[in-house]
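A.B. asks: Okay, here's the structure, questions in a sec.
Every number here is computed from the coordinates shown, using simple stated rules; none is lab data. Bear in mind the structure is a predicted one, so any value in this text is a computation, not a measurement. Positions of Cβ are generated from backbone atoms using ideal geometry, with glycine treated the same way; all protein chains shown enter the neighbour counts.
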Amino acid sequence: MEKLFEEQLNMQYVRLNATLNLSEATSHRLHSWQDEIAALQRQIEEKTRQYLNEAEVRKKIKQCAESLVELRRRRSRTASWEAFAFGVRYKCRADESCSEKNKYFDRLELKHHLRDAPEHRKDDDDNIKTLMEKGRTRSDESK
């Protein structure tokens, strides 16, 4: 996990910057400011498309996308992914006397809590699985 965090911090920043030369774009006056804006928008769109179709730019975009996909795949294998991506958290609902019944856990934390907390000490995997699903919630819910 530490290595993944470090790789995220060291990820290369990529800036795609089309050269538009917009000062030349509207050298002649059109009938209205709306027409000028529409013409300018068309020119921006055309020059941006040309820029994005350049081989070197396409290569940069592909490399960037591959890096981001790989990072996301690696992150998705961590215990905190479910909470990060979907807002899913877990609460202990084993019984009302639990000292941490109002605390949110990720899946792995709740599993350890159910196994190790003195008030639970569950070692039956089926029972733990049932309690984990019972405790599954969205972190934005008030329950």
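A.B. asks: Based on other C-beta atoms within 10 Å, arrange PHE84, PHE105 from fewest to most. Please report the intermediate quantities before stating the final value.
C.D. replies: Details: PHE84 12, PHE105 20.
Ranked by crowding around the Cβ, least crowded first: PHE84, PHE105.
A.B. asks: Run the quick spin-label model on LYS60 and TYR104: label points 7 Å from Cα toward the beta carbon, then report their separation in nm to one decimal.
C.D. replies: Roughly 3.8 nm, to one decimal.
A.B. asks: Give me the one-decimal nm value for the distance between modelled label points at GLN12 and TRP33, 7 Å along each residue's Cα-to-Cβ direction.
C.D. replies: It works out to 4.4 nm between the two label points.
A.B. asks: Right, next: Tell me which residues come under 5 Å, amide H to amide H, from ARG89 once H is placed; ignore anything under 5 positions away on its chain.
C.D. replies: It is THR137, ARG138, SER139, by chain and number.
A.B. asks: Cross-link candidates for LYS111: which lysines have Cα within less than 17 Å, leaving aside residues fewer than 8 places away along the same chain?
C.D. replies: Straight-distance partners of LYS111: LYS91, LYS101, LYS103, LYS122, LYS129, LYS134.
A.B. asks: Can I ask one more? Can you put MET11, MET132 in order of Cβ neighbours within 10 angstrom, beginning with the fewest?
C.D. replies: On the way: MET11 12, MET132 20.
Ranking MET11, MET132 by Cβ neighbours within 10 Å, fewest first, gives MET11, MET132.
A.B. asks: While we're here: Using modelled amide H (1.01 Å from N, peptide plane; none on Pro or chain starts), what sits under 5 Å from the amide H of TYR104, excluding residues fewer than 5 places away?
C.D. replies: Those qualifying (amide H under 5 Å, at least 5 residues apart or on another chain) number zero.
A.B. asks: Enumerate the calculated ³J(HN,Hα) couplings along segment 100-110 in order (Karplus 6.51 cos²θ - 1.76 cosθ + 1.60, θ = phi - 60°), each rounded to whole Hz, writing x wherever the residue is Gly or Pro.
C.D. replies: 10, 5, 9, 8, 8, 10, 8, 4, 5, 4, 5
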